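Each remark here refers to the structure printed beneath this line.
The values are calculated or read from the model by the stated rules, or taken from the named source; none is laboratory data. Note that the structure is a prediction, hence the values are computed from the model and not measured. In this analysis, Cβ positions are derived from the backbone assuming ideal geometry, glycine residues included, and neighbour counts consider all displayed protein chains.
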Amino acid sequence: MPPDDLDTTAAKLRQQLADQLATGDWLRSPEWRAAVENVPRHEFLRRFYTENLGPGVTSWTPINAELVGLREWLTIATATRRSSRSSTSAPSPRATTSP
């Protein structure tokens, strides 16, 4: 994905995130909405882990652009809620990021 496509896709995903948060009454001021729309969230989540939500022992799946593809990584990094990776809603990353 060329850098321009990455920036355009990231901006669209941030807009969708702002819309979701505003609909859920999480964004209550124009300043917070502007922050969500303008801060490149993916820049802070180069690598992270998602929890596998199945029966048995808790396990974690590493996520980065090389492992899941650039578009999928960008989508997951901008997600707001958890679900299975095969659905259209991506899981939100946990706070446990790696360098």
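Give me a count of the residues in segment 29-68 that are over 23 Å from residue 8 (Cβ atoms), out of contact with any Ser or Thr (no Cβ under 6 Å at 6 or more places or on another chain) and crowded, with 16+ Cβ neighbours inside 10 Å.
The number of residues fulfilling the criteria is 0.
So residue 79 fits all but one of (1) at pLDDT below 85; (2) surrounded by fewer than 17 Cβ atoms within 10 Å (Cβ to Cβ); what number is the exception?
It fails just one condition, (2).
Take segment 62-78 and flag every residue that is of a type in the set (A, V, I, L, M) and either touching an Asp or Glu at 6+ places or on another chain (Cβ under 7 Å) or assigned to a strand (DSSP E or B) (or both).
Of everything in segment 62-78, just one residue is of a type in the set (A, V, I, L, M) and either touching an Asp or Glu at 6+ places or on another chain (Cβ under 7 Å) or assigned to a strand (DSSP E or B) (or both), namely 63.
Can you report the number of residues in segment 22-61 which are in a helix (DSSP H, G or I) and either of a type in the set (Asp, Glu) or under 17 Å from residue 76 (Cβ atoms) (or both)?
Number satisfying all stated conditions: 7.
Quick check on my filter: what residues within segment 1-28 are charged (D, E, K, R) and surrounded by 14 or more Cβ atoms within 10 Å (Cβ to Cβ)?
14, 19
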